[in-house]
Amino acid sequence: MKLKIWQAGEPVLRQKARPVAVEEITTPTIQALVEAMAETMRDAPGVGLAAPQVGVPLQLAVIEDLPEYIDRMPADQVKRLERVPVPFHVIINPKLIIDEWEPVESFEGCLSVAGYSAIVPRARKVRAECWNEKAEAITIEAHGWYARILQHEIDHLHGFLYVDRMKSRSLTTLDNYLRNWKDRTPEQFWAAVDGD
Ligand code: ZN
């Protein structure tokens with residue numbers, strides 16, 4: 001079932017979500033939510049979707065980065081962003097640990113801030129301690145683009161959006177991003193505008 005993606009301005013996107021009780025994870029309710037969120041993410045399409053984005057205040061998100069999304073990016077960007085396919089998986093009650101706080105800049109967007117994009121600095125390397133949809137405790141290690149996805153989704157679970165972390169002077173409509181910046185680096189963006 002495809003769900004409605006809620007947009008910035010809804011209180012649920014600005015509230016800390018509630019942790020899911022471990023015994024709750026395997027219930028039909030949570031399993032159905034995971035399935036519906038997967039369908040909604042693929043339909044959007046997006047590389048991640050957090051429960052508050054579909055109006056559910058729970059600490060749960062789905063993530064998937066497909067090879068066909070990456071194929072559409074220029075190869076030098078794929079390399080710079082260290083973007084590799086990430087199979088579908090679920091993170092529940094994640095705890096984020098920054099392993100390498102060397103900020104990497106990239107344009108980023110959000111399905112809940114539809115129509116815009118901006119440069120967001122994110123840590124290059126992180127870990128997430130969490131539960132999966134089978135109620136197993138897991139630790140994820142991620143770097144590059146995958147680390148960015150984790151930081152973005154875990155922010156959602158605490159009521160944060162990328163606009164809280166973006167370089168505000170880089171804000172662009174999605175149309176202008178695709179027209180002007182899609183194939184260019186953040187460095188090229190900063191060189192083309194005054195100040196940062
Ligand atoms: Zn988002």
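Some observations on this one:
- If you go through region 62-92 and keep only what is farther than 13 Å from residue 146 by Cα and touching a Phe, Trp or Tyr at 6+ places or on another chain (Cβ under 6 Å), you end up with just 92.
- Exclusive hit being small (Gly, Ala, Ser), away from the ligand (no atom under 13 Å from the Cβ) and touching a Lys or Arg at 6+ places or on another chain (Cβ under 8 Å), set 118, 142, 135: 142
- From the list 53, 7, 31, the one residue that fits, being polar (S, T, N, Q) and away from the ligand (no atom under 14 Å from the Cβ), is 31.
- Pairs linking a residue in region 169-196 that is of a type outside the set (Phe, Trp, Tyr) to a residue that is assigned to a strand (DSSP E or B) and open to solvent by 60 Å² or more (accessible area, probe 1.4 Å), with Cβ atoms under 8 Å and 6 or more positions apart or on different chains, are 171/116; 172/116; 173/116; 174/116.
- Residues in region 142-166 that are among the acidic types (Asp, Glu) and without any contact (Cβ under 8 Å) to a residue 40 or more places away in the chain: 155, 164.
- Once region 151-172 is narrowed to residues that are in a helix (DSSP H, G or I) and more than 12 Å from the ligand (Cβ to nearest atom), the residue that is surrounded by the fewest Cβ atoms within 10 Å (Cβ to Cβ) is 168.
- Taken together, the criteria exclude residue 175 from residues that are farther than 20 Å from residue 57 by Cα, part of a loop (DSSP other than H, G, I, E, B) and either of a type outside the set (S, T, N, Q) or within 13 Å of the chain's Cα centre (by Cα) (or both).
The values are calculated or read from the model by the stated rules, or taken from the named source; none is laboratory data. As the structure is a prediction and not an experimental result, all values here were calculated from the model. Note that each Cβ is placed from the backbone with ideal geometry, even for glycine, and that neighbours are counted across all protein chains shown. Each accessible area value is taken on the protein alone, full model and side chains, heavy atoms only, with ligands, DNA and RNA left out. Shrake-Rupley method; radii C 1.70, N 1.55, O 1.52, S 1.80 Å.
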